1. For the range B:21-57, give me the residue count where each residue is touching a residue at least 60 places away in the same chain (Cβ under 8 Å) and facing chain A (nearest Cβ under 8 Å).
2. Residues being surrounded by fewer than 24 Cβ atoms within 10 Å (Cβ to Cβ) and over 16 Å from B:LEU83 (Cα atoms): count how many of those fall in the range B:257-300.
3. What's the number of the only condition in (1) open to solvent by less than 60 Å² (accessible area, probe 1.4 Å); (2) more than 9 Å from chain A (Cβ to nearest Cβ); (3) of a type outside the set (A, V, I, L, M) that B:ASP66 fails to meet?
4. Within the range B:203-237, which residues are touching a residue at least 40 places away in the same chain (Cβ under 8 Å), within 9 Å of another protein chain (Cβ to nearest Cβ) and in a helix (DSSP H, G or I)?
5. Determine the pairs where a residue that is within 10 Å of chain B (Cβ to nearest Cβ) and more than 20 Å from A:VAL82 (Cβ to Cβ), located within the range A:94-109, has a partner that is assigned to a helix (DSSP H, G or I) and open to solvent by 70 Å² or more (accessible area, probe 1.4 Å) with Cβ atoms under 9 Å apart, the partner being 6 or more residues away or on another chain.
6. Which members of the range A:119-156 meet the condition of being more than 7 Å from chain B (Cβ to nearest Cβ), over 17 Å from the mean Cα position of the chain (by Cα) and in contact (Cβ under 8 Å) with a residue 24 or more places away in the chain?
7. From B:LEU167, B:LEU171, which residue is out of contact with any His (no Cβ under 9 Å at 6 or more places or on another chain), surrounded by fewer than 22 Cβ atoms within 10 Å (Cβ to Cβ), in contact (Cβ under 8 Å) with a residue 12 or more places away in the chain and more than 14 Å from chain A (Cβ to nearest Cβ)?
8. Filter the range A:1-33 for residues that are within 27 Å of the chain's Cα centre (by Cα), part of a loop (DSSP other than H, G, I, E, B) and without any contact (Cβ under 8 Å) to a residue 24 or more places away in the chain and give the result.
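The values are calculated or read from the model by the stated rules, or taken from the named source; none is laboratory data. Because the structure is a prediction, the values reported are computed rather than measured. We place every Cβ from the backbone using ideal geometry, glycine too, and count neighbours over all the protein chains shown. Just the protein is used for accessible areas: all its heavy atoms, side chains included, with ligands, DNA and RNA removed. Shrake-Rupley method; radii C 1.70, N 1.55, O 1.52, S 1.80 Å.
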Amino acid sequence: MPSKRSAPLGLKIAVGLVLAFLYLPFTVILLYAFTTEDSGFTFPPPGLTLHWFTVAAGRSDLWQALTLSLQVATIATLLALVLGTLAALAVYRTAFFGRESISFLLLLPIALPGIVTGIALRSAIGLTSIPFSFWTIVVGHATFCIVVVYNNVLARLRRTSTSLTEASMDLGADSLQTFRHILLPQLATALLAGGLLAFALSFDEVIVTTFTSGQKATLPIWILNQLVRPRQRPVTNVAAVFVIAATFIPIWVSHRLSRAAESD
Amino acid sequence: MLVSLFKNLYPQSPRSTFYRRSVNFFYRHPRLVLLLLLAAPLFWLGIVYLGSLAALLIQSFYHLDDFTGQVVRQFTLATYGELFTRANLDVIRRTLTMATVVTIADAILAFPIAYYMARYASPGLKGILYLAVLMPLWSNYLVRVYAWKLILAKEGVLSWLIQQLHLNGLLNAVLSLPGIGGPSLSVSAIGPFLAFVYVWLPYMILPLQAALERVPASLIEASADLGGRGWATLRWVILPLAFPGVVAGSIFTFSLTLGDFIVPSILGNSSFYIGQVAYIQQGTAGNIPLAAAFTVVPMLIMTVYLIMAKRLGAFDAL
């Protein structure tokens with residue numbers, strides 16, 4: 001319902017205020033990563049320093065957490081890419097009994113509150129006496145990452161015209177060749193966009209992870225522990241700045257990729 | 001005859017006969033392909049995930065033996081009975097109140113920006129605003145909650161701002177209110193409220209914007225033609241049509257607040273919420289049955305909520 005007139009001033013001010021509200025926390029975190037104070041949050045900060053970035057670089061627990069997060073996110077994303085694409089191809093190709101419930105089933109892990117998924121996995125781990133490990137974290141993450149890939153791939157498949165696939169088959173290509181040479185190139189950016197979102201989702205996850213990680217700490221869990229038992233507060237802020245940067249970039253790239261595909 | 005003709009056309013075909021055979025076989029059996037495609041995802045979500053949910057439900061019918069501290073694997077409703085103790089009912093009531101208030105605040109905050117995006121923003125600006133709303137949604141939730149701890153700290157940004165505006169009296173008056181007040185903003189009920197409103201706001205903006213986008217321009221013109229002023233059109237035409245969008249957004253804000261345990265454990269006045277109790281019961285208390293029963297509460301509430309939302313047409317607005 002676009003209007004040709006320009007927006008009333010009051011509305012513009014309200015929009016500005018809401019945007020300021022949305023971005024205030026990021027600004028504050030960024031600012032406090034440079035503060036000279038090592039405990040407490042005085043505003044305005046008494047002085048600015050780059051000291052905490054060096055301290056953060058020397059903290060081995062932080063590096064371990066980061067490495068674990070990257071490993072988990074990579075494996076969970078790969079699993080989600082395979083499972084999400086398979087599900088999207090199945091749903092797209094054929095109509096079958098229970099097709100609607102597949103989408104619902106895939107959506108469930110992110111539609112239910114994280115604590116439900118978390119405690120559910122925790123109680124399954126408890127009932128089956130599987131020990132907590134790297135893989136229990138990965139299983140939890142992959143479960144809610146599948147839907148992101150699935151949605152992206154399915155949306156792309158629905159936009160691809162079937163005439164290309166038909167032409168390929170008419171010209172004598174078999175289904176695998178058609179998939180390899182026709183479908184896959186068209187899905188490439190959707191896979192990349194979905195994969196980046198899944199990666200960001202896994203890299204940031206804290207609620208489900210608290211229930212599946214046992215003693216291991218991913219980066220968000222590390223931050224959570226820091227909040228409960230603080231040691232060198234500004235180091236937490238440096239880690240937070242890093243986490244924000246690490247998610248802003250993939251999201252921005254993923255958004256670009258999806259938009260570029262839409263305007264084709 | 002035809003086959004040999006093709007063979008002569010493509011004499012260098014590198015594919016083995018086994019490959020040909022299997023490709024042809026799968027082409028003739030689309031149901032089998034479907035089954036193979038679905039096997040892995042269905043195994044994962046059907047067995048691993050639904051299995052876990054089932055494990056959760058089963059556990060909620062066990063109970064913890066008070067003397068031994070062991071979970072007794074025997075069917076009982078005793079654990080659900082514990083939910084109805086005064087303290088636990090208080091927790092449920094408090095969480096529901098918080099979820100409701102947060103949802104209303106989010107709807108009010110989301111409206112201007114959603115309305116601006118749908119009605120006034122140029123396509124380019126709309127893309128930028130869309131990304132501006134999406135970024136906070138996708139960036140680390142824990143970091144965003146933590147930022148509010150910094151903002152609301154006693155000597156933090158908000159206190160500084162209030163001091164600059166000479167509103168200290170007002171702040172103290174708010175903080176001395178029974179029930180929601182406290183020694184400082186971050187340890188009063190206002191702390192978790194602000195953090196909740198903040199972290200779930202994008203979930204309200206996006207569906208509301210989508211709903212507003214679909215309000216036909218002709219209806220707005222008709223309202224104006226019939227003498228409806230700006231406010232009248234907003235109140236009687238736009239708001240009713242955007243309402244399903246609000247309901248769609250409220251599914252997220254409500255459900256996410258119900259299950260959260262991070263926000264109230266970082267901010268607030270140490271009064272418990274459902275997610276926190278479930279977290280503590282499964283962790284330090286080792287009472288997984290009670291934790292499971294507590295997570296069934298938000299699931300039940302959300303089921304009822306979703307049925308109501310469907311009646312209100314929220315799913316068409318998603």
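1. 1
2. Residues meeting the conditions: 10.
3. Among (1) open to solvent by less than 60 Å² (accessible area, probe 1.4 Å); (2) more than 9 Å from chain A (Cβ to nearest Cβ); (3) of a type outside the set (A, V, I, L, M), the lone unmet condition for B:ASP66 is (1).
4. Once the filter is applied, which keeps residues that are touching a residue at least 40 places away in the same chain (Cβ under 8 Å), within 9 Å of another protein chain (Cβ to nearest Cβ) and in a helix (DSSP H, G or I), the range B:203-237 yields B:ILE205, B:LEU212, B:GLU213.
5. A:PHE96/B:ARG31
6. Passing the criteria: A:ILE125, A:PRO131, A:PHE132, A:SER133, A:PHE134, A:THR136, A:LEU154, A:ALA155, A:ARG156.
7. Being out of contact with any His (no Cβ under 9 Å at 6 or more places or on another chain), surrounded by fewer than 22 Cβ atoms within 10 Å (Cβ to Cβ), in contact (Cβ under 8 Å) with a residue 12 or more places away in the chain and more than 14 Å from chain A (Cβ to nearest Cβ) holds for just one of B:LEU167, B:LEU171, which is B:LEU171.
8. none
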